[in-house]
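A.B. asks: Questions regarding the structure given below will be posed in turn.
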Amino acid sequence: MKLIITGATGFIGSVLVERLRRQSHSLVLLSRSPRRRQKRAREEWLAWEPGSHGEWEKAVDGADGVVNLAGEPIAAKRWSSAQKERLRSSRIETTRALVNAIAGATIKPKFLVSASAVGYYGPRGDETLTEASTPGNDFLARLCVDWEEEARRAQEHGVRVALLRTGIVLAKSKGALAKMVPPFKLFLGGRLGSGKQWMPWIHIHDEVDLIQFLIENEKASGAFNAVAPNPVTMSEFASSLGKILNRPAWAPVPASLLSLLLGEMAEMLLSGQRAVPAAPQQSGFRFKYKNLVDALVSLEL
């Protein structure tokens, strides 16, 4: 297949691209700095900027599908007003530009797999959340709602749309674990806040497997919670991580300190969602890593 991919150099995108390379798909990878990229057979890097026109729009015409993983990392910086606007624009404007390109294509892609997040549901305590659950009303929830609405516009042009509501992705030396493991190794690890908040997690290989499943499954449309079937609380997560690393989980980070250090972003870490993957499982997707301990062991931390 000829696939257009945004966010190809990101945490999840880089793993997905490597998988698709091995399967000999024809890849068009959109980047703001394509000249630095290594040239490979059946792979093309194109410069792009949402809101601008160029070769990338022509590449969308005739592509089999689009995978949209672009977006400023949520936890990269404190959420100032300017950073919140970057978080929004890097998702909303990017998705809008892609859908506009799809609308203008003579031969339209068959599908759009577009990223979202379990933040869609907002803080919900112990409530079990499926893809049918209503959205929340905090900053992240509103961002996800608007993000998904932009992606859904592709349906007006006969394009199948699958929305990937991703939780905390577990990978060695990347993502959340890159920040959590070092304190544990220094005997300074522990839960965040009360520890009662839920952590919807997924192993990086299951995340990429699910994206490929959505690419290949012609009936897969709508929202899909990209989370393992067995969510855990923050206390359970910290305890499991400590056992895997042979370190105690005795140094909790108080909620007040997190709020002082991170501002509004702290609420994302202190609330969480008890999300479950109802849609993936109903569609026939099988998770390789259903239990947290098995997932952590496989990463060889």
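The values are calculated or read from the model by the stated rules, or taken from the named source; none is laboratory data. Since the structure is predicted, the reported quantities are computational estimates derived from the model, not experimental observations. For neighbour counting, all protein chains shown are included, and Cβ atoms are generated from backbone atoms with ideal geometry for every residue, glycine included. Ligands, DNA and RNA are stripped out before the accessible areas are found, and what is left, the full protein with its side chains, is counted by its heavy atoms. Shrake-Rupley method; radii C 1.70, N 1.55, O 1.52, S 1.80 Å.
A.B. asks: So for segment 231-239 (the condition being closer than 30 Å to E148 by Cα, acidic (D, E) and surrounded by 15 or more Cβ atoms within 10 Å (Cβ to Cβ)), does at least one residue qualify? Before the answer, list the steps.
C.D. replies: Filtering segment 231-239 down to residues closer than 30 Å to E148 by Cα leaves 231-234, 237.
Applying the additional criterion that residues be acidic (D, E) yields none.
No, because not a single residue in segment 231-239 is closer than 30 Å to E148 by Cα, acidic (D, E) and surrounded by 15 or more Cβ atoms within 10 Å (Cβ to Cβ).
A.B. asks: Consider S80 carefully, then state whether it is at pLDDT below 90 and either surrounded by fewer than 14 Cβ atoms within 10 Å (Cβ to Cβ) or not charged (D, E, K, R) (or both).
C.D. replies: Numbers: at pLDDT below 90: no; either surrounded by fewer than 14 Cβ atoms within 10 Å (Cβ to Cβ) or not charged (D, E, K, R) (or both): yes.
So S80 does not fit the description; no.
A.B. asks: Going through segment 244-289 one residue at a time, which ones are modelled with pLDDT of 90 or more, open to solvent by 70 Å² or more (accessible area, probe 1.4 Å) and under 30 Å from A132 (Cβ atoms)?
C.D. replies: R274, Q281, Q282, R286, K288
A.B. asks: Mind listing just one residue for me: the one in segment 164-206 that is farther than 17 Å from L296 by Cβ and among the basic types (K, R) and, of those, surrounded by the most Cβ atoms within 10 Å (Cβ to Cβ)?
C.D. replies: Residue satisfying both the conditions and the ranking: R165.
A.B. asks: Test F213 against the stated conditions and say whether it is surrounded by fewer than 21 Cβ atoms within 10 Å (Cβ to Cβ) and part of a helix (DSSP H, G or I).
C.D. replies: Working: surrounded by fewer than 21 Cβ atoms within 10 Å (Cβ to Cβ): yes; part of a helix (DSSP H, G or I): yes.
Judged against the criteria, F213 is a match.
A.B. asks: If I filter segment 85-97 for residues that are open to solvent by less than 70 Å² (accessible area, probe 1.4 Å) and more than 18 Å from D146 (Cα to Cα), do I get at least one hit?
C.D. replies: There is no residue in segment 85-97 that is open to solvent by less than 70 Å² (accessible area, probe 1.4 Å) and more than 18 Å from D146 (Cα to Cα).
A.B. asks: Can you tell me how many residues within segment 76-114 are out of contact with any Leu (no Cβ under 7 Å at 6 or more places or on another chain), part of a loop (DSSP other than H, G, I, E, B) and not small (G, A, S)?
C.D. replies: 7
A.B. asks: Out of all the residues in segment 93-112, which are among the hydroxyl-bearing types (S, T, Y) and closer than 18 Å to L164 by Cα? Break it down into steps so the answer makes sense when it comes.
C.D. replies: Taking segment 93-112 as the starting set, the residues that turn out to be among the hydroxyl-bearing types (S, T, Y) are 94-95, 106.
Passing the criteria: T94, T95.
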